[in-house]
Amino acid sequence: VALAVPSSGTNAPAPDWELQTPPITDGPAAAGQRVRATAPEYADTDVYHSLYLPTNWEPGKTYPVIVEYTGNYWPPSGSTGEVKDANLGYGLGGPDGFIWVVMPYIEEGRQKNAVTWWGDKRATVDYCKLNLPRICAAFGGDPDKVVVIGFSRGAIGTSYLGLADDEIADHWRGLMTFDHFDGAKTWNYPESDRAAALHRLARLRGKPVLVAGGDVTKIRDEYLAHHLELADFSFLSVPVAELFNIPEKGLVHPHTDLWMHQPSAYRDQARQWLRETIGE
């Protein structure tokens, strides 16, 4: 799930926040712009992903890439579950230096994005495998410096989708989750059990993983502490309720993908992990 939706219909913070997620437009890709993009295979559908090019983007240069999966549609926190309302990747990468892509979950029938859970899992995984290399080739994404991140549903999705097979797992330099983690609990969808999750996590082959959120201690001590050989795990407990005077500026719940839109030592640590992971 994600943050409450302000009256504008997006998850953009108030004007006096340090960061404001750029609104999504239908215009051409350009530096500092976030655009809606449709793959050729889905030209006659409502399936789309979003593409943000950093403010310092120039043709012919290469940039690291952040790939994000969004949270679920969840009315109690105002979450839409929509690609257009994602925020985590912009908070992590900031306005310059990183290409930011929000990949869709594709609904059964392959006509629109799924806002709750996985939709057609195979179509969702295949969409990323097909379009990530295209995006890198077209806009200068460095295929050796791609991280996959996610919030809530997306936090699980970094593994449930991002490690679904060896081919997609090979794309990632590292993985970051915020609030939830694959295998930490059993959900009402196939292969959500811990044994299946550990099988997916084995595809990390020791890569860096930042596990962040409000329940990190429990995830670490009761689950991942027994499987530290699978990845280079780091853990970051983020007290969102202490960072914001909730409710403020449309933020009504501490389970939010906007927590890096304001400066904090926790954001500094997440960004340091990112820099170290991509080797910069």
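What to note about this one:
- Residue tally, condition surrounded by fewer than 21 Cβ atoms within 10 Å (Cβ to Cβ), in contact with a strand residue (DSSP E or B) (Cβ under 8 Å, 6 or more places away or on another chain) and at pLDDT 95 or above, over region 181-215: 4
- Here is the figure for region 219-235: residues that are crowded, with 17+ Cβ neighbours inside 10 Å and under 27 Å from Gly81 (Cβ atoms) total 3.
- In region 119-134, the qualifying residues are those that are of a type outside the set (Gly, Ala, Ser) and open to solvent by less than 10 Å² (accessible area, probe 1.4 Å), and the one that is nearest to Leu161 (Cα to Cα) is Val125.
- Check on Val47, surrounded by 22 or more Cβ atoms within 10 Å (Cβ to Cβ), assigned to a loop (DSSP other than H, G, I, E, B), under 18 Å from the mean Cα position of the chain (by Cα) and among the aliphatic types (A, V, I, L, M): yes
- Residue pairs whose Cβ atoms lie under 7 Å apart, separated by 6 or more positions or on different chains, with the first residue in region 52-70 and free of Cβ contacts under 8 Å to residues at least 60 places away in the same chain and under 23 Å from Gly162 (Cα atoms) and the second part of a strand (DSSP E or B) and of a type in the set (Phe, Trp, Tyr), are Tyr52/Trp100.
- Test: residue in region 23-42 that is modelled with pLDDT under 95 and open to solvent by less than 70 Å² (accessible area, probe 1.4 Å): yes
- Any hit, region 160-167, residues being in a helix (DSSP H, G or I), open to solvent by 10 Å² or more (accessible area, probe 1.4 Å), over 25 Å from His255 (Cα atoms) and hydrophobic (A, V, I, L, M, F, W, C): no
- Meets criteria (open to solvent by less than 10 Å² (accessible area, probe 1.4 Å) and either over 30 Å from Glu18 (Cα atoms) or among the hydrophobic types (A, V, I, L, M, F, W, C) (or both)) for Leu175: yes
- Residue pairs meeting the criteria (Cβ under 8 Å; at least 6 apart or on separate chains; first within 16 Å of His180 (Cα to Cα), in region 215-241; second in a helix (DSSP H, G or I) and among the charged types (D, E, K, R)): Tyr223/Arg194; Phe233/Arg220; Phe235/Arg220
- Considering only residues in region 227-271 that are of a type in the set (Asp, Glu) and modelled with pLDDT under 95, the one that is farthest from Val216 (Cα to Cα) turns out to be Glu248.
- Only listed residue being at pLDDT 95 or above, assigned to a helix (DSSP H, G or I) and surrounded by 23 or more Cβ atoms within 10 Å (Cβ to Cβ), chosen from Gly150, Gly157: Gly157
- Considering Tyr160, Tyr90, Tyr105, the condition of being farther than 28 Å from Pro28 by Cα and not acidic (Asp, Glu) is satisfied by Tyr160 alone.
- Of all residues in region 50-78, those satisfying the criterion of being more than 12 Å from Ile99 (Cβ to Cβ), open to solvent by less than 20 Å² (accessible area, probe 1.4 Å) and not in a loop (DSSP other than H, G, I, E, B) are Tyr69, Ser77.
The values are calculated or read from the model by the stated rules, or taken from the named source; none is laboratory data. Treat the numbers as computed from the prediction; the structure is a model and nothing was measured. Every residue, glycine among them, receives a Cβ derived from its backbone with ideal geometry; neighbour counts consider all protein chains shown. Note: areas computed on protein heavy atoms with side chains; ligands, DNA, RNA excluded. Shrake-Rupley method; radii C 1.70, N 1.55, O 1.52, S 1.80 Å.
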